[in-house]
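Data first, discussion second: the structure below is written as structure tokens.
The values are calculated or read from the model by the stated rules, or taken from the named source; none is laboratory data. This is a predicted model, so every value here is computed, not measured. Here Cβ is always computed from backbone atoms with ideal geometry, including for glycine, and neighbour counts include all displayed protein chains. Note: areas computed on protein heavy atoms with side chains; ligands, DNA, RNA excluded. Shrake-Rupley method; radii C 1.70, N 1.55, O 1.52, S 1.80 Å.
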Amino acid sequence: MSSPDIVAILESSRELDRIRKDQEEVLVEINKMHKKLQATPEVVEKPGDTSLAKLKHLYTQAKDLSETEVNISTALLSQLDALLPSGPPGQQRKRIVAEGGNEQKRKRMKTDSDISRLSPSIRSQLEAWANLKGEQVAARVTGDNSEKDEWFVVKVIHFHKDMKEFEVLDEEPGDEEEGSGQRKYHLPMSRIIPFPKRNDPSTAPDFPPGRQVLAVYPGTTALYKATVVSPPRRRKTDDYLLEFDDDEEDGKMPQRTVPFHKVVALPEGHRQ
């Protein structure tokens, strides 16, 4: 990897850290406003009070920061693809043997140096991708030219580092037209989104009300676009209250509860 690539990744990482610090500050201000309104809800009825306007401004800031975080994370993912070697393993081994032991040693030292220069957050992100074996993730199984994105819950079988792709298993049997049985897919990293850890609510993003997300529709293994009505309340319930797109019943949009570990950020450019 060239030095400019490393610099770009480090800059993106620093920007991501800055965005997250800004999010924490906005969240603190939102919580202050919530406490104020809970203690004295009648204040909003007083002439000249701007509490609701301030709260709306804070939520707008939170939404913009969350969208920026998604964009930077997506860019980082593309940049990190450059860290992974390309080409079949066999070709790499032949090239190394042909170039000689000294060249192999220099390449190994350069790779170790590149990785050591990465920030801890990027190194941990790389390790997280490699440790997803056996975990359930959200996967886009449709092609790039499809007019509609289709996301499903799948199980990671293996992460092929050399080919920069995941081997995943759709554990739900298909319908009669598609044929029954489990199906395997080989998908690039860009089509995989890890879920928050089931036993650790702190790994779930704090999506504010009004934020669009991708969530598993209750009773299925398919993910659809939804809007957050109410985020999880830590230690009381870890469920999101969501309204799914195109889920209208009798002229109304039903609100459905979805566990935090089945909700992820809406990918940029999502088509549905």
- Message: Any residue that is part of a helix (DSSP H, G or I), modelled with pLDDT under 80 and not small (G, A, S) - is there at least one of those in region 47-57?
- Response: no
- Query: On the given criteria, is E29 open to solvent by 90 Å² or more (accessible area, probe 1.4 Å) and at pLDDT 80 or above?
  - Reply: no
- Task: Test each condition in (1) under 25 Å from T68 (Cβ atoms); (2) surrounded by fewer than 19 Cβ atoms within 10 Å (Cβ to Cβ); (3) of a type in the set (V, I, T) for I192 and report the one that comes out false.
- Result: (2)
- Are any of the residues in region 194-205 touching a strand residue (DSSP E or B) at 6+ places or on another chain (Cβ under 7 Å) and at pLDDT 90 or above? yes
- State yes or no: is L84 farther than 30 Å from V28 by Cα, open to solvent by less than 30 Å² (accessible area, probe 1.4 Å), at pLDDT 50 or above and part of a helix (DSSP H, G or I)? no
- Expected output for region 16-38 (first residue more than 16 Å from P231 (Cα to Cα) and assigned to a helix (DSSP H, G or I), partner open to solvent by less than 70 Å² (accessible area, probe 1.4 Å) and of a type in the set (D, E, K, R), Cβ below 6 Å, 6+ apart or cross-chain) is I19/E69
- When only residues in region 204-231 that are small (G, A, S) and touching a residue at least 60 places away in the same chain (Cβ under 8 Å) count, which is most open to solvent (accessible area, probe 1.4 Å)? G210
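Per-residue answers, yes or no, for (1) exposed (fewer than 15 other Cβ atoms within 10 Å of the Cβ); (2) of a type in the set (D, E); (3) modelled with pLDDT under 90:
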| position | (1), (2), (3) |
| --- | --- |
| R233 | yes, no, yes |
| T237 | yes, no, yes |
| D247 | no, yes, yes |
| R256 | no, no, no |
| H261 | no, no, no |
| R271 | yes, no, yes |
- Residue check: is P209 farther than 13 Å from F260 by Cα, assigned to a loop (DSSP other than H, G, I, E, B) and modelled with pLDDT of 90 or more? yes
- Taking first residues from region 244-261 that are closer than 11 Å to A215 by Cβ and second residues anywhere that are basic (K, R), the pairs with Cβ under 6 Å that are 6 or more apart or on different chains are D245/K225; H261/R198
